[in-house]
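Asker: One structure coming up, written as structure tokens, with questions to follow.
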Amino acid sequence: MKLNERGLLVVISGPSGVGKGTIRKALFAMPDNNFCYSVSMTTRKPRPGEREGVDYFFVTREEFQKGIAEGRFLEWAEFVGEYYGTPLEYIEKQLATGNEVIIEIEVQGALQVREKMPDAVFVFIVPPSRKALEDRLQSRGTEDHGKIRERLEKANREYNLAYKYDYIVVNDEVYNAADRIYAIIRAEHAKTERSITKYNKLMEGNE
Ligand code: 5GP
């Protein structure tokens, strides 16, 4: 039995290189889940191995700006000189069918979602140490030196907004981090304000 009809929107943020993508994959491998991932649109170039429509929808700046003008994003932001945005239509459809939608976005976008969808759940991922973050960005080898420095500076500014999130999850080990997020999602569904209407109906025998 589902606790409520509408799925949960789970917003995951955290500094570049913290391992959000890896945690998400571990989360999606957990048993009995009905998670779907909202693929973002971006103007950044694909990294080796990234696939169109799987990792991102890769578009030109003109295409992105058209999307903004047509109101097609739940949120969008500029991050280190590139546009990133969450297409609205997919999310609405999945939430309405009762699926949990996971989005992985930076903080400015997350704050916009907080305004527009206050019942979403906000999770901020932190590294076990600052050194771990630096090491990960260096060893990923997908950004040049300047971009890495820019992303580390950005990480500090992002961390200063972590207090605006509902939960902080440390990525000490990928499986553990994913497991904590899964636990958060289950607990959120059991929250009285999310489930009371449904239970009232059940107790009245209307469903
Ligand atoms: P990357 O270039 O490393 O894939 O992503 C850079 C940052 O943009 C990451 O913090 C990532 O979570 C964020 N991001 C990815 N998609 C979106 C999106 O649709 N909206 C916003 N606001 N940020 C996004």
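Asker: As I understand it, the dipole of the chain uses +1 on the Cβ of Lys and Arg and -1 on the Cβ of Asp and Glu, about the Cα centre. Which of THR43, GLY205, GLY81 lies farthest toward its positive end?
Answerer: Most positive-ward Cα: GLY81.
Asker: How big is the charge dipole of the chain about its Cα centre, in debye rounded to the nearest 20, if each Lys and Arg gets +1 on its Cβ and each Asp and Glu gets -1 on its Cβ? All intermediate terms of the calculation are to be shown ahead of the outcome.
Answerer: Numbers: 31 positive and 33 negative charges, 55 e Å.
That gives a dipole near 260 debye.
Asker: Let me ask something additional. Looking at TYR159, GLN138, ALA183, which one has the Cα that reaches farthest to the positive end of the dipole of the stretch 128-195 (charges on Cβ: Lys, Arg +1; Asp, Glu -1)?
Answerer: Result: TYR159.
Asker: Which value at 222 nm does the chain reach when only helices count, each DSSP H run of 4 or more adding -39,500 (n - 2.57), with the total divided by all residues and rounded to the nearest 500 deg cm²/dmol? It would help to have the intermediate numbers written out before the result.
Answerer: Working: 8 runs with 93 residues, N = 207.
Helix contribution divided over all residues of the chain: -14000 deg cm²/dmol.
Asker: Can you tell me the relative contact order of the stretch 33-129? Whole percent, Cα pairs under 8 Å, sequence separation 6 or more. Don't jump to the answer; show the numbers that get you there.
Answerer: Values: 115 pairs, mean separation 29.8, N = 97.
Worked out over the stretch 33-129, it gives 31 percent.
Asker: Here is a further query. List, in the order given, every pair from LYS93/LYS164; LYS45/LYS93; LYS25/LYS116; LYS20/LYS164 whose Cα-Cα distance in the structure shown is over 24 Å.
Answerer: Numbers: LYS93/LYS164 27 Å; LYS45/LYS93 28 Å; LYS25/LYS116 27 Å; LYS20/LYS164 18 Å.
Over 24 Å apart, Cα to Cα: LYS93/LYS164; LYS45/LYS93; LYS25/LYS116.
Asker: Here's something else I'd like to know. Could you sort the peptides 165-176, 145-156 by per-residue average Cβ neighbour count (10 Å cutoff), highest mean leading? Please list the in-between numbers first.
Answerer: On the way: 165-176: 16.1, 145-156: 14.2.
Top to bottom by mean Cβ count within 10 Å: 165-176, 145-156.
Asker: At a Cα cut-off below 20 Å, give the aspartates and glutamates reachable from LYS131, other chains included and same-chain residues fewer than 8 away excluded.
Answerer: GLU143, ASP144, GLU150, GLU153, GLU158, ASP172, GLU173
Asker: Roughly how large, in nm² to one decimal, is the mean projection of the convex hull of the alpha-carbon atoms in the stretch 39-97? Present the calculation step by step, with values, prior to reporting the outcome.
Answerer: Values: hull surface 17.2 nm².
Averaged projected hull area, Cα only: 4.3 nm².
Asker: What do you get for Rg/Rh of the stretch 1-103 when both radii come from the Cα atoms and Rh is the Kirkwood radius?
Answerer: Working: Rg = 14.5 Å, Rh = 14.8 Å.
In the stretch 1-103, Rg relative to Rh is 0.98.
Asker: Over the C-alpha atoms of the chain, what are the Rg and the largest Cα-to-Cα span, Dmax, in Å?
Answerer: Cα-based Rg and Dmax for the chain come out at 17.8, 63 Å.
Asker: Let me spell out the model: positive unit charges on the Cβ of Lys and Arg, negative unit charges on the Cβ of Asp and Glu, origin at the Cα centre of the stretch 123-207. What dipole size does that give, in debye rounded to 20?
Answerer: Values: 16 positive and 15 negative charges, 30 e Å.
Dipole of the stretch 123-207, to the nearest 20 debye: 140 debye.
Asker: Along the positive direction of the dipole of the stretch 89-145 (beta-carbon charges: Lys, Arg +1; Asp, Glu -1; about the Cα centre), which of GLN108, PRO127, GLY98 reaches farthest?
Answerer: Positive-end residue among those listed: PRO127.
Taken together, the values in this text are just the output of simple stated rules run on the coordinates, not laboratory data. Keep in mind that this is a model prediction, so the values were computed, not measured. Positions of Cβ are backbone-derived with ideal geometry, glycine not excepted, and every protein chain shown enters the neighbour counts.
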